[in-house]
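What follows draws every value from the coordinates through simple rules; no lab data is involved. Predicted model, so just to flag it, every value in this text is computed and none were measured. Positions of Cβ are generated from backbone atoms using ideal geometry, with glycine treated the same way; all protein chains shown enter the neighbour counts.
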Amino acid sequence: LRQELRETSIYNTIIEAVALGNNTLALIHSKTQLEKSKITAYLRNLMKLGIVEREFSVLATAKEREGSQRGLYQLTDPYFRFWYSFVYSSYSELEEGDIDGVWQYHIEPQLHQFVSRMYEKICIEYLRQQNKEGKLPFHFTKIGRWWDNVTHNVHGKKCTVAEEIDIVATDRQEGEYLLGECKYRHELASVDTLRQLQQKFPSNKRKGKYHYVIFSFYGFTEGLRDVAGKENVMLIEAVDM
């Protein structure tokens with residue numbers, strides 16, 4: 001950062017805010033209290049250096065991708081994510097030699113959640129490889145995270161909620177979809193995992209053929225294995241990747 005940029009203290013503040021999960025312009029502004037116009041300029045420089053990227057929902061239209069207010073800002077490099085999530089704010093304690101304390105109280109309680117985001121990226125890379133080898137039900141041209149506001153019918157009443165799916169892939173015509181869930185919890189993925197995934201996506205608005213994949217680092221219940229065999233759902237464990 002010192003080699004490429006001036007005002008490194010401001011850049012450090014912005015990068016730390018993004019690393020801690022403040023991924024919209026409004027949240028970064030709230031965390032740093034910097035002017036939004038200046039934040040946009042700093043973020044643009046960080047994107048040019050490949051340190052920050054702006055992520056959009058995989059099915060977002062060109063119009064939805066316009067403007068600095070849209071999209072989610074993420075750190076591209078896992079080392080930067082780790083450093084600014086855990087080390088940067090604990091630097092003085094580490095210099096004093098309190099390594100065990102920083103690990104026990106600051107890093108270890110959050111490490112599992114921190115790694116889960118990278119697990120999602122590994123799952124996407126696995127599907128990209130399977131796609132190149134022609135091992136999926138169809139050949140996708142787009143893949144990534146998906147989020148949107150979806151209206152559900154609950155007990156006869158319409159309810160609009162913000163939904164998010166770890167992986168959505170589709171072909172060029174958007175006639176087939178692969179919906180995926182990535183579980184990195186200390187528990188087996190169950191039938192409920194599949195049913196919740198199936199209910200999130202607005203399939204009534206996006207007509208097409210649907211396929212499902214469940215990634216689970218710790219495995220699956222026998223009930224889900226039985227259902228997956230009948231409904232042709234892909235189940236992928238860590239050893240499979």
#### Entry: Nitroxide proxy distance, nm - points 7 Å out along Cα→Cβ at residue 196 and residue 55
1.8 nm
### Query
To the nearest 10 degrees, how steeply does helix 222-231 sit against the main Cα axis of the chain, on a 0 to 90 scale?
60 degrees
### Query
From Cα coordinates alone, what are the radius of gyration and Dmax values for the chain in angstrom?
20.3, 61
### Query
Hey, what does the equivalent ellipsoid look like for the range 16-96, semi-axes from the Cα gyration tensor as sqrt of 5 times each eigenvalue, largest first, whole Å?
26, 14, 11
### Query
the range 1-104: which trypsin sites (Lys or Arg not before Pro) are DSSP loop and have at most 14 other beta-carbon atoms within 10 angstrom?
2, 6, 63, 65
### Summary
Per-residue ellipticity at 222 nm attributable to helices in the chain (runs of n ≥ 4 DSSP H, -39500 (n - 2.57) apiece, nearest 500 deg cm²/dmol) works out to -11500 deg cm²/dmol
### Query
Based on the Cβ-Cβ distance from residue 162 to residue 207, what FRET efficiency comes out when R0 is 25 Å, to the nearest 0.05?
0.65
#### Entry: For the chain, size of Cβ-based charge dipole, Lys and Arg +1, Asp and Glu -1, in debye
1380 debye
#### Entry: Rounded if a/c under 1.5, otherwise prolate or oblate - the range 1-144, Cα gyration tensor axes
oblate
### Summary
Under 5 Å from the placed amide H of residue 220, counting only residues 5+ away or on other chains, we find 189
### Query
Which angle between 0 and 90 degrees, to the nearest 10, do you get for helix 108-132 versus the longest principal axis of the chain when only C-alpha atoms count?
50 degrees
### Message
What percentages make up the Cα-Cα pair-distance distribution of the range 120-240 when the bins are 5 Å wide from 0?
### Response
2, 11, 20, 24, 20, 15, 6, 2, 0
